[in-house]
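Since the structure comes first, as structure tokens, the remarks are kept for the end.
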């Protein structure tokens with residue numbers, strides 16, 4: 001299975017219009033309040049920190065470039081060619097290996113795993129932006145990349161995010177400027193229950209090793225000028241020990 005052509009076209013349209021500067025996209029907050037915070041939770045759970053790291057759904061690469069200074073090899077993958085153009089332009093030194101990949105397509109994740117071996121994975125806000133039929137294959141793609149030794153840090157909007165985003169969409173003055181293109185291109189976050197995320201993980205043969213809640217910091221503001229934060233849940237997942245299978 002691979003993502004629908006409609007969904008791929010929506011992402012291409014979004015990233016083709018997106019500004020090039022960091023912070024120009026709704027979720028493109030600086031690493032100091034995103035992946036930098038996440039690494040403090042992820043690093044203690046790593047079984048093999050020397051493994052390559054795959055940033056799955058890397059977008060324009062803001063978080064990926066930060067990761068490149070902290071892991072021996074970082075591969076940023078996204079299904080949008082337009083997103084990857086932004087990412088490569090922002091990384092003139094070539095610190096990251098950016099690649100186009102549909103992670104719901106089994107053959108693609110198998111090829112990448114065959115090349116780089118077991119990898120750790122960082123995936124922020126991808127599952128809830130998938131079509132329902134693509135969600136389980138996506139998590140199975142993560143499991144393929146992990147192999148036996150890798151671990152993944154997943155960040156997804158929690159159930160509590162629905163009312164927050166719904167309220168922003170229905171503001172009398174319209175949605176915030178950076179959120180409007182998300183809705184207009186038809187890639188508004190879908191509702192994935194907290195329990196469903198856990199079910200996808202377990203159905204892919206992975207264990208839930210740690211979890212918690214954090215706000216997803218955005219680059220847009222409420223009418224009163226305060227930063228928009230969206231409730232999110234983080235999980236660390238990996239293969240169960242061989243002795244437990």
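Every read-out reported here was derived from the displayed coordinates using simple, explicitly stated rules and does not represent laboratory data. Just so you know, these numbers come straight off a predicted model, no measurement behind them. Note that we place each Cβ from the backbone using ideal geometry, even for glycine, and neighbour counts take in every protein chain shown.
What full-extension length gain, to one decimal in nm, is calculated for residue 191 and residue 159 as 0.36 nm per residue of separation minus the Cα-Cα distance?
Between residue 191 and residue 159, full extension yields an extra 10.8 nm.
For region 1-123, report the convex hull volume of the alpha-carbon atoms normalised per residue, in Å³, without decimals.
Looking at region 1-123, the number lands at 104 Å³ per residue.
Give me the percent relative contact order of the chain, please, defined on Cα pairs under 8 angstrom at least 6 residues apart.
Relative contact order, the chain: 21 percent.
Taking only Cα atoms of region 99-150, what ratio of Rg to Rh do you get with Rh as the Kirkwood inverse-distance radius?
Rg/Rh: 0.95.
Where is the GNM fluctuation largest for the chain (alpha-carbon springs, 10 angstrom cutoff): 43, 119, 18?
Of the options given, 43 has the highest mean-square fluctuation.
Based only on Cα atoms, what Rg/Rh ratio does region 1-59 have, Rh being taken as Kirkwood's radius?
Across region 1-59, the Cα-based Rg/Rh ratio is 1.07.
Per q in 0.27 Å⁻¹, report the Debye log10 I(q)/I(0) for region 110-183, using one uniform scatterer on each alpha carbon and no solvent.
Computed log10 I(q)/I(0) values: -1.23.
Percent of alpha carbon pairs in region 142-200 separated by more than 19 Å?
Here the long-distance tail beyond 19 Å is 48 percent of all Cα pairs in region 142-200.
Take every DSSP beta bridge with both residues inside the chain and express the antiparallel ones as a percent of the total, to the nearest 5.
Bridges in the chain that DSSP calls antiparallel: roughly 55 percent.
Over region 154-245, consider all pairs of different Cα atoms and compute the Kirkwood hydrodynamic radius from their mean reciprocal separation; express it in Å, one decimal.
For region 154-245, inverting the mean 1/r across all distinct Cα pairs yields 15.0 Å.
How many nm is it between the label spots at residue 85 and residue 43, if each spot is 7 Å from the Cα in line with the beta carbon?
Each label point is offset 7 Å from its Cα along the Cβ direction, giving 3.6 nm.
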